[in-house]
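Engineer: Would you mind keeping the following structure in view while I ask a few things?
The values are calculated or read from the model by the stated rules, or taken from the named source; none is laboratory data. Given the structure is predicted, the values throughout are model-derived calculations rather than measurements. We place every Cβ from the backbone using ideal geometry, glycine too, and count neighbours over all the protein chains shown.
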Amino acid sequence: MIDFLLTSEAIMALLTLTFLEIVLGIDNIVFISIAANKLPEHQQSKATNIGLFFAMLQRIILLFFVSFLIGLKEPFYIIELSWLHIALSWQAIILFVGGLFLIYKSTSEIHEKVEMPKHDETNLKKKPIKSLSHAIVQILIIDFIFSIDSILTAVGMTNGLHPNHNYTLVLMIIAVVISIAIMIAFANPIRKFINAHPSIQLLGIAFLILIGFMLITEAAHLSHTKLFGNEVGAIPKGYLYFAIAFSLFIEFLNFKIQNKKKA
């Protein structure tokens, strides 16, 4: 286990996944803050911390559930046509549906942030909150919605890193715990930084499109899909890491150029 966690591929996956979990968790922090701000001042920080703690628990529980489904590798149905061969398994179905969901969700998020940036926040502000327990229930619902793409992102970043799913499950849990701990400790500075540089969050959402596409090809590869006699291959995760690192490097250069212009 330790040997796997110390490999360069596992460390790269952990760093990338932790970064994405934090960036994708910004909206979660914003909506939790909106719900918490409706409470008396002495209860606001308590509601925020409880909300983020439950967000971590929900993600870990969902990780166990999704990891169990992904472990079901044996085909239960084979599609055999003259031009198509697919050996369907629950693993392939979860990855394929998850990939489609990530592409749909990320595209919708980009559209909403560009065309209707305050739509969800306005709707949430209209909902009354009368007590701490009422706020926590609402926060739990918000957390669950945001947990789905977070879990699928984790699966996409770690699937196939090790033949033992328990190893990758531990890696995903570590990333979730670290990201939530960072958000609890630095929620306000992180939110201010993202608000000042919204392109970072758009980049994070755009990465989900890459991860979604990778999940779809992974599903096709694991189900031994053949189109006209050609088997679909898996995309090496190094390509994904390079795309993310290169995009962040360009964004860093943009920051430097903007700061020089301001100076």
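Engineer: Output yes when any residue across region 234-246 is without any contact (Cβ under 8 Å) to a residue 40 or more places away in the chain and not in a helix (DSSP H, G or I), and no when none is.
Structural biologist: Yes, there is a match, as at least one residue in region 234-246 is without any contact (Cβ under 8 Å) to a residue 40 or more places away in the chain and not in a helix (DSSP H, G or I).
Engineer: Then there is this: Does region 94-107 contain any residue that is at pLDDT 75 or above and either in a strand (DSSP E or B) or under 19 Å from Ala35 (Cβ atoms) (or both)? Let's see the steps before the verdict.
Structural biologist: Going residue by residue through region 94-107, those that are at pLDDT 75 or above are 94-107.
Those left that are additionally either in a strand (DSSP E or B) or under 19 Å from Ala35 (Cβ atoms) (or both): none.
No.
Engineer: Within the set of pairs 6+ apart or on separate chains, which have a first residue in region 1-27 that is over 15 Å from Ile211 (Cα atoms) and modelled with pLDDT under 80, a second that is not in a helix (DSSP H, G or I) and not small (Gly, Ala, Ser), and C-beta atoms under 7 Å apart?
Structural biologist: Cβ pairs passing all conditions: Phe4/His162.
Engineer: Quick test of your reading of the structure: Ile32 fulfils all but one of (1) more than 19 Å from Phe144 (Cα to Cα); (2) crowded, with 19+ Cβ neighbours inside 10 Å; (3) of a type in the set (Val, Ile, Thr); (4) in contact with a helix residue (DSSP H, G or I) (Cβ under 6 Å, 6 or more places away or on another chain). Name the failing condition by number.
Structural biologist: With respect to (1) more than 19 Å from Phe144 (Cα to Cα); (2) crowded, with 19+ Cβ neighbours inside 10 Å; (3) of a type in the set (Val, Ile, Thr); (4) in contact with a helix residue (DSSP H, G or I) (Cβ under 6 Å, 6 or more places away or on another chain), Ile32 is out only on (1).
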